[in-house]
Amino acid sequence: MSVFKSFDKLSTRVRDISTDYVNNSTDYFKLKIFYHLTKSFTFGIKLLILFSILIGASIFLSVALVMWLGKALNSYPLACIIVAVIFIFVGLIAYVFRKKIDKKVIKTFSKDFFDESI
């Protein structure tokens, strides 16, 4: 009878340990998901604020550049065309280097996402 009792105690202990392990694992993954969600959300908010400021600044700078070029060239329509060409050129440069930008962003996010120290 003693063998059965010790086996029963052992099986109860193994069940308790495995239950604790599963509970701790689920808590860990919940915490890790919460961490990554909040980090992504705050990154998105920061990005939104930064882009809003940059768009506002680029609008003011574009208008100032058009006014300055318009006075210098004595033609505001020509100044608008020149500024538009500048924006198109910057867009084309971003388009050409899009894969490098994607790789840099993916590398940065994957380093943070797969960080095991969290």
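Among the residues that make up region 18-26, is at least one of them at pLDDT 90 or above, charged (D, E, K, R) and surrounded by 10 or more Cβ atoms within 10 Å (Cβ to Cβ)?
no
State all residues of region 57-106 that are hydroxyl-bearing (Ser, Thr, Tyr) and in a helix (DSSP H, G or I); if no residue qualifies, say none.
Selection gives Ser58, Ser62, Tyr76, Tyr95.
Any residue at all in region 61-81 that is closer than 30 Å to Lys111 by Cα and small (Gly, Ala, Ser)?
Scanning region 61-81, I find no residue that is closer than 30 Å to Lys111 by Cα and small (Gly, Ala, Ser), so the answer is no.
How many residues does region 1-38 hold that are under 30 Å from Phe114 (Cβ atoms) and of a type in the set (Val, Ile, Thr)?
In the first step, residues of region 1-38 are kept if they are under 30 Å from Phe114 (Cβ atoms); the result is 17-38.
Restricting the remaining residues to those that are of a type in the set (Val, Ile, Thr) gives 17, 19, 22, 26, 33, 38.
Looking only at that region, the number is 6.
Yes/no per residue for (1) in contact with a helix residue (DSSP H, G or I) (Cβ under 8 Å, 6 or more places away or on another chain); (2) hydroxyl-bearing (Ser, Thr, Tyr):
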{"residue": "Leu48", "(1), (2)": "no, no"}
{"residue": "Ser62", "(1), (2)": "yes, yes"}
{"residue": "Ile81", "(1), (2)": "no, no"}
{"residue": "Val85", "(1), (2)": "no, no"}
{"residue": "Ile88", "(1), (2)": "no, no"}
{"residue": "Ala94", "(1), (2)": "yes, no"}
{"residue": "Thr108", "(1), (2)": "no, yes"}
{"residue": "Phe114", "(1), (2)": "no, no"}
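Which residues, counting only those in region 39-54, are within 22 Å of Phe114 (Cα to Cα) and hydroxyl-bearing (Ser, Thr, Tyr)?
The answer is Ser40, Thr42.
The values are calculated or read from the model by the stated rules, or taken from the named source; none is laboratory data. Please read these numbers as outputs of a predicted model, since none were measured by experiment. With ideal geometry, Cβ positions are generated from the backbone for all residues, glycine too; neighbour counts draw on all protein chains shown.
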